[in-house]
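Worksheet: one structure, shown below.
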Amino acid sequence: MAGLRFVMITTFYPPYHFGGDANYVQQLCRTLVELGHDVDVIHDVDAYKILSNGADPEPIKEPKGLTVHGLQSKYPGLSCFLTQQTGFPIVHGRKIRRILSNGDFDVIHYHNISLVGGPGILAYGHAIKVYTAHEHWLVCPNHVLWRHNKEVCDGRECLRCSMHFKRPPQLWRKLGLLERKMKHVDALCSPSDFSAKKHKEFGLFREMEVLPSYIPDNLVGKKSDTVIEQKPYFLFVGRLEIIKGLQDIIPLFNNESAPADLLIVGSGVYEKELKKLAEGYNHVHFLGWLAPIDIIPLYAMAIAAIMPSICYEVFPLVVLEAFRTKTPIIARELGPFPEIIAYSGAGFIFNNEAQLSEAMTKLASDKILRDGMGVAGRKAYDDRWSQEASMQAYFAIIKRIAIKNKNKSILKRLEP
């Protein structure tokens, strides 16, 4: 196909990010460039600065055809506060409009817009508009449906909950702003059926369709230098936060009854507490933050990847990182994990400590079972979550909208 012009609008983008959705946006941008398209990114450096320790990260060189616009102001805190409160990009709005008007874009793809522009930004620009919800921000001011910073949310208590998160309430959520601006979006997507249903359950007025996540074909791991890899181990990869549930896993790896070692890859605000919990446990090893290419061989040699989140995940990429290397998963029966396991047959789900211990023991002691689940995970990955499968679904959405809008220019360039 001939090249299209895309622009991605997101709050965080590498290196100004904290993982998750930003990594996905970057890999999507680079994949589109490799496929012959031009891509611009608009992201908010101000948001990163107010949420980080203030240090500037190392710059990243992007490939030709990918242009990144980082929005910065003299007063990042004020800029983000105004967006958070009004639902509009008060400080950066003029620059965003200028980029969109000068770019002659075919597709505007929104991701996490919470601090880059709020709902108001959905009306900016004229192109096919796609929105991917990587979190639950559309129905949750605090993004993760984690009520009062202590439990999964099963009903709205947004005012009190915002106070527990020490965030100012958002009046625009009561004034219909999101409903009005969402009318400008052609397709609303979620990476999982679970998340689409959860948005509907919490009152989202638009239907969502599933756009599968993926891992880029060119992401190839390199040999790991860690000495731990020669021992049998389970693997956890993710941010070290209380909502990730790692505090429920570590006690099972005491020195007397541990079925294998536990390798923990990641960093975060809960790291100190987790390390204290693991004091004296010779089977628990914290490896810190590692680049994706360094993690791949750790997946490949693991008995299984453990995913114990106690919050509603949308669709964690760690699932695909595991399946791609034929590694089964053990996940809590919450969020998208039951549908992932049901579709793939590549692991176990658990509700309590006994079920988790049983799953770990089975996989650690039965290589035939482990290898069979690994093969099933890889097949599911190839069928549903590979780069090819995801790109086919992505361009099918764009083509459908172009047909509806009678956009002959885009349809012509979408032809093989």
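The values are calculated or read from the model by the stated rules, or taken from the named source; none is laboratory data. Everything numeric in this text was worked out from a predicted model, so none of it was measured. Please note: Cβ atoms are built from the backbone with ideal geometry, for glycine as well, and neighbour counts cover all protein chains shown.
Screening segment 148-163 for residues that are under 24 Å from the mean Cα position of the chain (by Cα) and not charged (D, E, K, R) and picking the one that is nearest to Ile242 (Cα to Cα) gives Asn149. Here Leu290 does not fit the description of being part of a loop (DSSP other than H, G, I, E, B), of a type in the set (A, V, I, L, M, F, W, C) and surrounded by 21 or more Cβ atoms within 10 Å (Cβ to Cβ).
Going by what's in this entry, would Asn149 be described as part of a loop (DSSP other than H, G, I, E, B), touching a helix residue (DSSP H, G or I) at 6+ places or on another chain (Cβ under 8 Å) and surrounded by fewer than 20 Cβ atoms within 10 Å (Cβ to Cβ)? Break it down into steps so the answer makes sense when it comes.
On the way: part of a loop (DSSP other than H, G, I, E, B): yes; touching a helix residue (DSSP H, G or I) at 6+ places or on another chain (Cβ under 8 Å): yes; surrounded by fewer than 20 Cβ atoms within 10 Å (Cβ to Cβ): yes.
In short, yes.
For segment 48-59, a residue qualifies if it is free of Cβ contacts under 8 Å to residues at least 12 places away in the same chain and among the hydrophobic types (A, V, I, L, M, F, W, C), and exactly one does: Ala55. Screening segment 297-414 for strands (runs of 3 or more DSSP E) wholly inside it with 3 or more residues that are in contact with a Phe, Trp or Tyr (Cβ under 9 Å, 6 or more places away or on another chain) returns the ranges 305-307, 329-332. Pairing residues of segment 60-87 that are closer than 25 Å to Val39 by Cβ and assigned by TED's automatic domain parsing to the domain that holds Leu100 with residues that are part of a strand (DSSP E or B) and aromatic (Phe, Trp, Tyr), at Cβ distances under 8 Å and at least 6 apart in sequence or on separate chains, gives Val68/Tyr13; Gly70/Tyr13; Gly70/Tyr16. The set of residues in segment 297-306 that are within 22 Å of the chain's Cα centre (by Cα) and surrounded by 21 or more Cβ atoms within 10 Å (Cβ to Cβ) comprises Leu298, Tyr299, Ala304, Ala305, Ile306.
I'd like the full set of residues that are aliphatic (A, V, I, L, M) and under 13 Å from Ile306 (Cα atoms), limited to segment 342-371. Write out each step before concluding.
So in segment 342-371, the residues aliphatic (A, V, I, L, M) come out as 342, 346, 349, 354, 356, 359-360, 363-364, 368-369.
Scanning segment 342-371 gives Ala346, Ile349, Leu356, Ala359, Met360, Leu363, Ala364.
For Thr132, the conditions (1) over 17 Å from Phe6 (Cα atoms); (2) hydroxyl-bearing (Ser, Thr, Tyr); (3) in contact with a helix residue (DSSP H, G or I) (Cβ under 9 Å, 6 or more places away or on another chain) all hold with the exception of (1).
Here is a yes/no grid of residues against (1) surrounded by 21 or more Cβ atoms within 10 Å (Cβ to Cβ); (2) assigned to a helix (DSSP H, G or I); (3) on the phi < 0 side of the Ramachandran plot; (4) in contact with a helix residue (DSSP H, G or I) (Cβ under 7 Å, 6 or more places away or on another chain):
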| residue | (1), (2), (3), (4) |
| --- | --- |
| Arg180 | no, yes, yes, no |
| Lys200 | no, yes, yes, no |
| Pro212 | no, no, yes, yes |
| Ile215 | yes, no, yes, yes |
| Phe234 | yes, no, yes, yes |
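The set of residues from segment 1-21 being touching a Pro at 6+ places or on another chain (Cβ under 9 Å) and either of a type in the set (Ser, Thr, Tyr) or in contact (Cβ under 8 Å) with a residue 40 or more places away in the chain (or both) comprises Met1, Pro14, Pro15, Tyr16, Gly20.
For segment 1-36, a tally of residues being under 24 Å from Glu58 (Cα atoms) and part of a loop (DSSP other than H, G, I, E, B) returns 9.
Reported count of residues in segment 23-47, each being of a type in the set (Gly, Ala, Ser), buried (at least 20 other Cβ atoms within 10 Å of the Cβ) and without any contact (Cβ under 8 Å) to a residue 60 or more places away in the chain, is 0.
Picking from Gly117, Gly93, which residue would you name as being surrounded by fewer than 20 Cβ atoms within 10 Å (Cβ to Cβ), of a type outside the set (Val, Ile, Thr), closer than 30 Å to Lys166 by Cα and at pLDDT 95 or above? Working first, answer last.
On the way: Gly117 fails: surrounded by fewer than 20 Cβ atoms within 10 Å (Cβ to Cβ).
Answer to the check: Gly93.
Here Asp104 clears all of (1) surrounded by fewer than 21 Cβ atoms within 10 Å (Cβ to Cβ); (2) farther than 18 Å from Val130 by Cα; (3) of a type in the set (Asp, Glu) except the condition numbered (2).
For segment 122-133, the criterion of a residue being within 17 Å of Met182 (Cβ to Cβ), of a type in the set (Ser, Thr, Tyr) and part of a loop (DSSP other than H, G, I, E, B) is satisfied by at least one position. Within segment 339-350, residues that are within 12 Å of Met373 (Cβ to Cβ) and of a type outside the set (D, E, K, R) sit with their Cβ atoms under 6 Å from residues that are at pLDDT 95 or above and not in a helix (DSSP H, G or I), at 6+ positions apart or across chains, in these pairs: Ile341/Gly347; Ile341/Ile349; Ala346/Pro328; Gly347/Pro328; Gly347/Ile329; Gly347/Ile330; Phe348/Ile330.
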